[in-house]
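Since the structure comes first, as structure tokens, the remarks are kept for the end.
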Amino acid sequence: MENREIALDVKDLRISYRCLKSFSIKRSLLQLKKSKVEIFEAVRGVSFQVPKGEILGMVGKNGSGKSTMLRAIAGIFSPDSGTIDLHGHSVSLLSIGVGFQKSLSGRENILLSGMLLGFTEEQVREKMDEIIAFAGLGRFIDMPVKTYSSGMHSKLAFSITAVLESDIMLIDEVLSVGDVRFKRKSSRKMKELISNKDRTVVIVSHNSETLRKLCTSLLWLHDGQVRMVGKPDEVLEAYEEFMN
Amino acid sequence: MKFVNDLKKYWDYTKRSAKAELKSEVASSYLNWLWWILDPLLFMMVYTFIAQVVFSGREKFFPVFVFIGLTMWNFFNKIVIGSVKIVRNNSAIVSKVYVPKFILVIQKMLVNGFKFVMSFILMVIMMFFFRVPITWKILYMIPIVLILWILTFGISNLMLHFGVFVEDLRNVMTVLLKLTFYMSGIFYSIPKRVPAPYDEFLMRVNPIAFLLNSARGCMLYGEAPSVQMLLFWGVFGLVVSCVSIKILYKYENSYVKVI
């Protein structure tokens, strides 16, 4: 494992939500005394590396900083200190409900989301039929997204990121999307994506079964710090014992 | 510069997104595209009535005079006020994928720019209708519009940034923009109507008033604007834009933490 190419390199990552609360001019005029600045450190000094083609699972109780870290890796957050090195790989965050513009049709949204993920218009158009077929929304694909049910919403979101593949995929609790049939279809697609040797995947999930089945290694986050890294079985055993 | 690269990279997206927004505006109601034209036309009538009947103003080609003012003002006003909450309104996108935040402003500028062009075409038609003598000075419109766009971009970027952190910025800006509206002479002529020391003052400190007055001068009355002032506001706009881009790049990744 030592000589394998590293796809994702996170070093001493710290993310906090301190002093970024929005304020209102009215409130600061009315209350002369300063409100206390709340500091909340979501991620405190986490370092890890993921070799190319690995599937890293992340576990931890709610609020332990898993989603924050995924968002930081996707480039949406900036870390307060520490570095995230993607070694030039493309990255996409696969989570429930990718950002859609509600008044536009599903088709338009596929195009726009794809272009936001860094694909050209032609590339997205090439994959368009595949995405539409995978989402299986029928005639709803040409209706505004605001008319979609929440299930349809996440089906479309999943299809876009699943069909438009990137080198590193970050998956946030996505394995339970849609109805039974779509769930089966999506988990088959996931396995297909994951089994690609060149793809690096980071999964956040609370489902021990999926983690055990899919991951090559596991990272246990506790209160924003790494508690344990290792083989899925060992980490899960310790984690479950701790949670009970 | 990073800005140019990002602009190139996201240009296709911005264009598509603007086109999609315009299309959805038309799709949601068939009369909507008509409103792009009707809106300034109707407001022109309102202000023409108020200025000519109530305040007995006597500008030459008054309806076109108001129309030029409204077209330019609407462009500036809509984008600036829209930028205050722009990150919050796009939180679905911003919290899922990285976008340089000024792209959101440029997308808005394209949408409103399209309406601006529509309005401008109407303006030219009106000039023929009212038999406005057209001189070569109309070419001054090119730098005037360019400066208006640069200024709008810079100011909107700043609004975007502070709008994230200051909750009630929108209320403040609504009042400030209303003030600017009345101070820009949309439906009256500042040099003719405002008493002596103040008209000079307004024309000097309010770029919108200056740009409006220059636009009317070169389109309707064959007057050349002050090149010195044009240059000044052009440079000012560029400086504001550069500073605001710097600020956006520095802070844009923390916006998601606040909203």
Helix B:196-205 vs. chain B, principal-axis angle (Cα, 0 to 90°, nearest 10): 30
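Diagonalise the Cα gyration tensor of segment B:2-258 and give the resulting equivalent ellipsoid semi-axes, square root of 5 times each eigenvalue, largest first, whole Å. Provide the component values of the computation, followed by the final result.
Numbers: eigenvalues 210, 88, 62 Å².
In descending order the semi-axes read 32, 21, 18 Å.
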When the helix-only estimate is applied to the protein assembly as shown (DSSP H runs of n ≥ 4, each -39,500 (n - 2.57), divided by the residue count), what is the mean residue ellipticity at 222 nm, nearest 500 deg cm²/dmol? -18500 deg cm²/dmol
Taking chain B as the reference, fit the longest principal axis to its C-alpha atoms, fit the long axis of helix B:62-84 to the helix C-alpha atoms, and give the angle between the two in degrees, 0 to 90, nearest 10. 20
If you find the alpha carbon centre of segment A:202-244 and of segment B:194-234, how far apart are they in angstrom? 67
Alpha-carbon centroids, segment B:17-43 and segment B:53-117: separation in whole Å: 14
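Per residue of A:77-84, how many C-beta atoms from partner chains lie within 10 Å of its own C-beta, taken as a mean? If you can, show how the numbers build up before the last one.
Numbers: counts 7, 8, 1, 1, 0, 0, 0, 0.
For this peptide, the per-residue mean of nearby foreign Cβ atoms is 2.
When you look at the Cβ of every residue in B:250-258, what mean number of other chain Cβ atoms sits within 10 Å? Present the calculation step by step, with values, prior to reporting the outcome.
Values: counts 1, 2, 2, 7, 6, 4, 5, 13, 4.
Across the residues of B:250-258, the mean count of other-chain Cβ atoms within 10 Å is 5.
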The protein assembly as shown, Cα convex hull volume normalised per residue, Å³: 182
Positive-pole candidate from B:Trp149, B:Phe210, B:Tyr221, dipole of segment B:2-258, charges at beta carbon: B:Trp149
Can you tell me which lysines have their Cα less than 23 Å from the Cα of A:Lys11? Leave out same-chain residues fewer than eight positions away. A:Lys52, A:Lys61, A:Lys66, A:Lys231, B:Lys96, B:Lys250, B:Lys257
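Under a point-charge model restricted to the Cβ atoms of Lys and Arg (+1) and Asp and Glu (-1), what is the dipole moment magnitude of chain B relative to its Cα centre, in debye to the nearest 20?
500
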Pick out, from B:Leu104, B:Leu31, B:Val172, the residue whose Cα sits farthest towards the positive end of the charge dipole of segment B:2-258, with +1 on the Cβ of Lys and Arg and -1 on the Cβ of Asp and Glu. B:Leu104
Within segment B:1-69, which trypsin sites (Lys or Arg not before Pro) sit in a loop by DSSP and count at most 13 neighbouring Cβ atoms inside 10 Å? B:Arg58, B:Lys60
Hey, what do the phi angles of segment B:108-118 turn into as Karplus ³J(HN,Hα) couplings, whole Hz, using 6.51/-1.76/1.60 and θ = phi - 60°, x for Gly and Pro? 4, 5, 5, 4, 6, x, 4, 5, 4, 5, 4
Dipole axis of the protein assembly as shown (+1 Lys, Arg; -1 Asp, Glu on Cβ), positive-most option in B:Gly69, A:Ser159, A:Gly138: B:Gly69
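Dipole size in debye (nearest 20) for chain A around its Cα centre, Lys and Arg Cβ +1, Asp and Glu Cβ -1?
Result for chain A is approximately 1100 debye, rounded to the nearest 20.
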Given +1 on the Cβ of Lys and Arg, -1 on the Cβ of Asp and Glu, and no further charges, what dipole in debye does the protein assembly as shown carry about its Cα centre, rounded to the nearest 20? 1240
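Every read-out reported here was derived from the displayed coordinates using simple, explicitly stated rules and does not represent laboratory data. Since the model is a prediction, treat every value here as computed from it, not as a measurement. Backbone-built Cβ (ideal geometry, glycine too); neighbour counts: all protein chains shown.
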